[in-house]
Amino acid sequence: MDYLLLTITLLLGALSGTVIWWMLRNEARIRLLQIDLAADRVELRSGLSRMETSIEMMNLSSEALLQSNPENQGAIAIHKVLKKIETQMSAGLSDSNTVMSTAKELNSAMRMLLKSVDLDGDICNEPNPIQPGALNLTDRLFSLLKIMEIDAKSLGLNTLEYAKFGELLYRCGHLGWSKFCYQEAIEKSPGHTASLRSLTYLAKQDGNLELQLDWIEKMIQHDPDNSELLRSHASLVIQSGVNEERAERDVLRLEAMGKDTPADQSLLSGLRSRAGSPYEVIERLEKILLEEPERSEDWLLKAEMHMEINEFENALLSVEEAIRYNRQFGEAWGLKARLLASNTLRHEEALRAARHAVALNSGGTELILLKANLIALEEGEISASETLQSELEKNPSNDELRAHISDLLRQSGNLEDAQKLLDSAIEQTSKIHLARARIELMIADKERDGTGENDESYITIAKKSFENAIELDRESGVAWLGIARCERSLKNYDLAKEALDRSSRLLDGEPIVSAEAALLALDNGDLVEANRLIEAASVTLENTALISYLRGNLASMSGNFLAARNHYDDVLEIHDPLHVRARLNRIAVSISLGLFDSAMDDCRVLLEHSPNLTLAKCRMADTLMLIANWSQAKDLWEDVLDINGNHPHALTQLAACNISLGNPDQAEAPLNKAIRLDSNFSSAWHNRGLLYLEWGEEDAAIQDFETTIKIEPEHIDARLHLASIHHSAGRWKKAAPLWRAVLDIDSDNDVARKRLGHCEMQISTSLN
C-alpha cells in the first residue's frame, strides 16, 4: 500500500511539472506574438498613411488633368449617362414616360460626344486623332440606339452633327448607319461637301459605280468648275460603261476652263477612239506627242488606232516608240507580239516580244497562249506544252489557263489527265466547270459511238457541270449553250429551246448558237428552219467543218444522199480527216447509195485510228450483212458483244446472222435478251417473229410482228410478213387491210397491190 501511494505521488509530481513547463513555454510565445502584432499595427498605420497621401496626390493630379483637359470631364459625364441608361435597360423600362426621358438623356449624351470630338465629318480626309474612349462611347451609344429602336432620322441633329456622327460610326465599322447619317446631312444641306465626299467613298467601297456617279454629280452641281471632280466623274463614267459622251463633256469643260492636262487630252483621245473616229484620234495624239513624246500610253493608243484602220506598219512603228520610252511597258510588248505574229517571217521576233509581255504580267491568258503557239511553231508542241504547264505552276489560280490546258488535253484524247488538272484547281470557278462539262460531253459522245445511243448518265453529269458554271456566272452564254446541247441530247427539246434562247441573248450574233439551233431543228424534223439557221451560221463559218457537217446532215434527212456524201467529203478531205461523226454519217449514206466498198473503207479508217470504236464495228458488220457475208459479220457482232454484252442491236444482228447461217437454234437467246434490255427495240421483235415463222410457230410470229408494228408503225417488213401469213392462211378479211396499210406507207409496192387485189376478189366471191 505504501508502495502504491509512493508511485501515485511520484506520477502526480511529474505531471504537475510538465504542466508548469508547458504554461511557461506558451506564455513566452504569447509575449512574442504580442510584440509582432504591435509591430504590424505600426506598419499598417504607416501604410495607411502612405495610401492616404497617394490618394490625395491622385485627387490633386486628376483635378489638374481635368482642368487642363476639360473634354475628359465630358467623357466621364457621357459615361455616367450611358451607364445609367444601360442599367435601366437591363432592368427594363417601365413606362412610356421613362422611355421618353431615357431617349432625351441618350440624345443629350450623343450631342455631348459630338461636341467633344474634333472631326469635320469627312472620312476621305486624313483622320484626326480623337481622345481616348470616344469610339468606345460611340459603340455603346450605337448599341443603345439599336436597342431602343431609334433611327437616324429621329435623332434631330444638325448637318455638321450628322456628318460627325457618320464619321464616328464609320470608324467603329457601322457602315449602314454611317450612310444614313450622311444622307440626313444631305437632306438638311444638299451641298454639304464632306457628306457628299463621304457618301461617294462609301459607294466606292461597296463597288456601286452608279451610286458613286450620283453623288459626284451632286457635288458638281454645287461646284461645277472643280477640275478634280470633273476628272473623277469622267473616270467613273468610263468604268461604268454608260454614255461616254458624259465623260467627253467633262474633258471638254476642263479644256474650256484651260485646266486640261496632257492626261486629260489622252483620255479624250481614248474616248473618241471608242466612238469610232481613229483618224481624228491619231491627229489629236500626234499633237500631244509632239509636246510630250515620252507618253508611252499615247504611243500605244496611236498604235491601236493604226491597227483599227489596217495600217499595221504604222502601228508597229508607234508601239516601238512606246517601248523605247518605257521598256517595262508590258501592254506594248503584247501588242508588238500580236502584230508580228501575223507575219510568218517574223515569228521569232514575235516570240521574244511575247516572252517580254508575259514576264511583265501583261496580256493575261491571251498572251500566254500566243506565246505557247509561237513556241509550238518555233520549237515544237512539246516545248509549247511545257511552257503552258510552267505558266500554270507560276500562277495556279489562273482558272482560264487551267481550263485551256485541260481543253487541249481533252482534244488530244487524254481525258484522264484533263480531268485531274481540273480536280487540282484551287477554286472551282465557272471556267473550270465549263471545261469539266466539255470532258463529260466527250465521254458521252464516245459512249454514244460505242452503243449508237446517248448515255444519259454522262449527259446528266455534263449538264450539272454547266449548271454549276451558271451558278457562278449567270451571264455565261457558253454555259447556257452547253445546257441546250445536253437537253437536246436527252431529247428534252422544249428545255433545249429555252436554254438556247437564253444563250442567243447572251452570245448575240455568235454563229455557234445558230449551228446548235440548226441541230435542234434537225432533231425536231424542221428541215426548213434548219436550212435557215445553217445559212445564218455560214455567214461567219463558211468553209468550216461545222457548216459542211450540218449541210451533210440536212441533205441526208432530206433523202438527198448524194449531196450529203459530198458535204461529208468536204469535212473529211478538206477540214478534218479525224471527224468521227462525219465519217460515221458518210458510211450510212454510202450504204444507202449502195456504195458498200466505200462504206467498208471508212469503217477500216475509223478502226485503224480507234480500234475500240464499237459503232464503226457495227457499221462494218451491217455492211457485211448487206453483201451476205454472214460469217465475217457474225464474228464482228461477237467482238462487239465481248466489249458490251448488253448491246440490243448487236444481239439482234447476231441472231439474224445465225438464222442466215442455218443456226436458228442459236438465235432465240440473243433475241430474247435484246427484248429484255429494250422492249421498244422493234428490230428484235421483228427478227424473233422471223425465227418463229421459220419454226412454224405462226401464232408466236404474228404476235411479234404485231408488237413490231405497234412500236414502229411504218415498219414495212413486219407489215408484209404479217399480211403474208394471213394471206397464205386464206384469211382474206384480215389480210386485205394489212396490204392496204403497206400501200399507205409505200404506194409503189407491187406485191401489196397484187395481193390486195387478190384478197378483194376472194372477199367479193365469197359474198356472192
>> Go through the stretch 641-685 and report how many residues are in contact (Cβ under 8 Å) with a residue 60 or more places away in the chain and outside any helix (DSSP H, G or I).
In response: 2
> If only one of Leu157, Leu145 is in contact with a Phe, Trp or Tyr (Cβ under 9 Å, 6 or more places away or on another chain), part of a loop (DSSP other than H, G, I, E, B) and within 22 Å of Val81 (Cβ to Cβ), which one is it?
Replying inline: Leu157
>> I'm trying to understand the selection: among the residues of the stretch 652-665, which are farther than 17 Å from Val640 by Cα and surrounded by 15 or more Cβ atoms within 10 Å (Cβ to Cβ)?
In response: Ile659, Ser660, Pro664
>> Being farther than 21 Å from Glu427 by Cα and either within 22 Å of the chain's Cα centre (by Cα) or acidic (Asp, Glu) (or both) is the filter here; which residues of the stretch 370-401 pass it?
In response: Glu378, Glu379, Glu381, Glu386
>> Would you confirm, using the coordinates I've provided, whether Asp508 is of a type in the set (Asp, Glu) and over 30 Å from Met625 (Cα atoms)?
In response: yes
> Of all residues in the stretch 735-748, which are at pLDDT 90 or above and either under 12 Å from Ile763 (Cβ atoms) or of a type outside the set (D, E, K, R) (or both)?
Replying inline: Ala735, Ala736, Pro737, Leu738, Trp739, Ala741, Val742, Leu743, Ile745
>> If Gln419 satisfies all but one of (1) surrounded by 19 or more Cβ atoms within 10 Å (Cβ to Cβ); (2) farther than 21 Å from Glu349 by Cβ, what's the number of the condition it fails?
In response: (1)
> Residue check, Gly696 against (1) assigned to a helix (DSSP H, G or I); (2) more than 21 Å from Cys618 (Cα to Cα), all met but one. Which one?
Replying inline: (1)
> Any idea which of Asn585, Asn566, Asn560 is under 24 Å from Glu516 (Cβ atoms) and surrounded by 18 or more Cβ atoms within 10 Å (Cβ to Cβ)?
Replying inline: Asn585
> On the given criteria, is Arg719 buried (at least 16 other Cβ atoms within 10 Å of the Cβ), assigned by TED's automatic domain parsing to the domain that holds Ala736 and assigned to a helix (DSSP H, G or I)?
Replying inline: yes
> If the Cβ limit is 7 Å and pairs must be 6+ apart or interchain, which residue in the stretch 408-422 that is modelled with pLDDT of 80 or more pairs with which residue that is hydroxyl-bearing (Ser, Thr, Tyr)?
Replying inline: Ala418/Ser406; Leu421/Ser406; Leu422/Ser406
> Are any of the residues in the stretch 181-192 under 24 Å from Glu86 (Cα atoms), assigned by TED's automatic domain parsing to the domain that holds Leu114 and in a helix (DSSP H, G or I)?
Replying inline: yes
>> Can you pull out every residue in the stretch 258-302 that is at pLDDT 75 or above, among the basic types (Lys, Arg) and not in a helix (DSSP H, G or I)?
In response: Arg295
> Which of (1) farther than 30 Å from Ala729 by Cα; (2) in contact with a Ser or Thr (Cβ under 7 Å, 6 or more places away or on another chain) is the odd one out, the single condition Gly689 does not satisfy?
Replying inline: (1)
> Which residue, of Glu535, Glu638, is assigned to a helix (DSSP H, G or I) and free of Cβ contacts under 8 Å to residues at least 12 places away in the same chain?
Replying inline: Glu535
>> Please go through (1) within 59 Å of the chain's Cα centre (by Cα); (2) among the hydrophobic types (A, V, I, L, M, F, W, C); (3) not assigned by TED's automatic domain parsing to the domain that holds Asn644 for Met761 and return the number of the only condition it doesn't satisfy.
In response: (1)
> Of the numbered conditions (1) at pLDDT 90 or above; (2) under 22 Å from Gln666 (Cα atoms); (3) aliphatic (A, V, I, L, M), Ile709 satisfies every one except a single condition; which is it?
Replying inline: (2)
>> Among the numbered criteria (1) over 26 Å from Val580 (Cα atoms); (2) in a helix (DSSP H, G or I); (3) of a type in the set (A, V, I, L, M, F, W, C), which one does Ala425 miss?
In response: (2)
> So which residues in the stretch 357-370 are at pLDDT 85 or above and surrounded by fewer than 21 Cβ atoms within 10 Å (Cβ to Cβ)?
Replying inline: Ala359, Leu360
>> Tell me the residue from Ala337, Ala322 that is touching a Phe, Trp or Tyr at 6+ places or on another chain (Cβ under 6 Å), of a type in the set (A, V, I, L, M) and either crowded, with 23+ Cβ neighbours inside 10 Å or touching a residue at least 40 places away in the same chain (Cβ under 8 Å) (or both), please.
In response: Ala322
> How many of the residues in the stretch 152-184 are crowded, with 18+ Cβ neighbours inside 10 Å and among the small types (Gly, Ala, Ser)?
Replying inline: 4
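The values are calculated or read from the model by the stated rules, or taken from the named source; none is laboratory data. Just so it is clear, the structure is predicted and the values come from calculations on it, not from any experiment. FYI the Cβ positions are ideal-geometry reconstructions off the backbone, even for glycines, and counts take in every protein chain you see.
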